[in-house]
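Asker: A single structure is presented below for examination.
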Amino acid sequence: MTGEEDGSSAEENASKPVSQGGVPTDELEDDLSSEEAVDEENGVPWVENGEGAAEIEEEGDFAVSEGEGFDDASDGWVQQGDSRYYIIDGVAVKGSLCIDGSWYRFDVSDGRMLTEWQSFDGKTYYYDPESGALTFRNRCIDGDWYWFDLTEGYMWTGSAYIDGAWYRYDLVDGRMLHGSQWIDGAWYRYDLVDGRMLHGSQWIDGAWYRYDLVDGKMKHGWQDIDGHRYYYGSLDGKMCFGKQVIDGGNYRFHARQGYEVPYFRVYLDAGHGWNSSSSGQWDPGSLGVGGVEADLTAALVNDVAARCREKYGIEVVTHTDSSSVWYRKRQNQAVDEGCSTLVSVHFNAGGGSGYESYIHSYNSPEGSGAVQAIMHRHLGAGIGLKDRGMLRSELAVVGGYLPSTLLEICFIDNSFDMNAFREKRDRIVDELADGIYEMSLTDACIGSGF
Ligand SMILES: [Zn+2]
């Protein structure tokens, strides 16, 4: 072969598209088209595969060298000891070559077929440890996943969009990354198992985080999601719950769902009534000359709630109908409905006179003392009967999460008390509404729901 022939056919080869698209190139590319291509290290002149090679459908940037001891070998694969070679025209191929649809890499010095990790031209490739075929797409190697370019087979680093999802590969060693990753000034989250970039709301190590639905960046600050407003930490990105001071303002977020709720929202519990018993039946409470306790509490709570809304614009939650729940679950219902504070209204019975109030004897939520003090004072100003004291008792409705108190308005089985109640009812409604308003301005009376 002459140098001129070699050059022209090499060019033809290089411009010919191959089935895999781009071709892994090596440092021999220039040499192949050069008239005086010489291996500097070995001093062996390179020759191109030429027409004979084209006939056996081999393609690639490779070279064969003479004088390698394969003169008698037939073209094709040859095994010598632990090494494999590919022979064309009696000489071993060097560099990259596509054989029967798979790419192989042969040592540029001695033509040995190379396997596993190989780097050349600034890129890294992986050849099957057994067959030597170049790896494309994804592959798990020593426990880590890698991605190899679909057309050229080189190992990817950085971010990659594959089959509808983003993945992240280490910038240095190409390993697929998992978990939280800091990339170009933002946090991203990748699935711990399959490595997909995650979007939307994610529960991670005991906190909720939010990732952009499109670009996957972790969100910070106020976010409107599905009709609710949330706040994610400006530094750590954690969704906020309960009471928070943000930019100097007071805010409250649902204790379980995390969306913003009014800073003050009171749960006004009408003692007894529907479902108050665990049987789900209507529970009348005490009976006396004043009538049925459940009727009195429902009517009073409805009037106080209306007064709060009309006079102060305060959010009041009541369940004076069948939406009421077992008294042991009313504290939880208040939390579920985003309330900050709970006041339970009852009438006393059993012989006695006057008003009193309770907080839980051993499970009293923080702030209950302040709630009790305010409501007790206003109840006394309204009813004007004997003050029986601010007391403690094991009453489930005032135990748990929210600053809570239970009011015994007066004795339902005492006609003196009930006459006073009927006479001063409107004043009592006013005072209880005023007490609730006072609580709305008292930080200690506003709970986080925890
Ligand atoms: Zn009662």
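Asker: Listed here are the pairs K238/K329; K123/K238; K238/K311; K243/K424; which of them are more than 32 Å apart at the Cα?
Answerer: Result: K123/K238; K238/K311; K243/K424 exceed 32 Å.
Asker: Determine the gain in length on full extension of the stretch C140-D184; use 0.36 nm per residue of separation and subtract their C-alpha separation, reporting nm with one decimal.
Answerer: Details: separation 44, 0.36 × 44 = 15.84 nm, distance 2.68 nm.
Roughly 13.2 nm would be gained on extension.
Asker: Among 262-269, 165-172, what's the highest-first ranking by average C-beta atoms within 10 angstrom per residue?
Answerer: Those peptides, ordered most packed to least, come out 262-269, 165-172.
Asker: Sort 396-405, 233-242, 100-109 for me by packing, meaning the mean count of neighbouring Cβ atoms within 10 Å per residue, highest on top. Please list the in-between numbers first.
Answerer: Values: 396-405: 24.8, 233-242: 16.3, 100-109: 18.5.
Per-residue mean Cβ counts within 10 Å order the peptides as 396-405, 100-109, 233-242.
Asker: How many angstrom lie between the Cα centre of region 206-244 and the Cα centre of region 420-450?
Answerer: The distance from the Cα centre of region 206-244 to that of region 420-450 comes to 35 Å.
Asker: Rounded, prolate or oblate: which fits region 340-442 when a ≥ b ≥ c are the square roots of the eigenvalues of the alpha-carbon gyration tensor, with rounded for a/c under 1.5 and prolate only if a/b beats b/c?
Answerer: Values: a/c = 2.44, a/b = 1.38, b/c = 1.77.
Oblate, because a/c is 1.5 or more while a/b does not exceed b/c.
Asker: Using the Kirkwood radius built from alpha carbon pairs, what does the Stokes-Einstein equation give as D for region 101-150 at 25 °C and 0.890 mPa s, in µm² per second? Each step should come with its number before you reach the end.
Answerer: Numbers: Rh = 11.4 Å.
The estimated diffusion coefficient comes to 215 µm²/s.
Every read-out reported here was derived from the displayed coordinates using simple, explicitly stated rules and does not represent laboratory data. Computed from a predicted model, the values in this text were never measured in an experiment. Quick reminder, even Gly has a Cβ in these numbers, built from the backbone with ideal geometry, and neighbours come from all protein chains shown.
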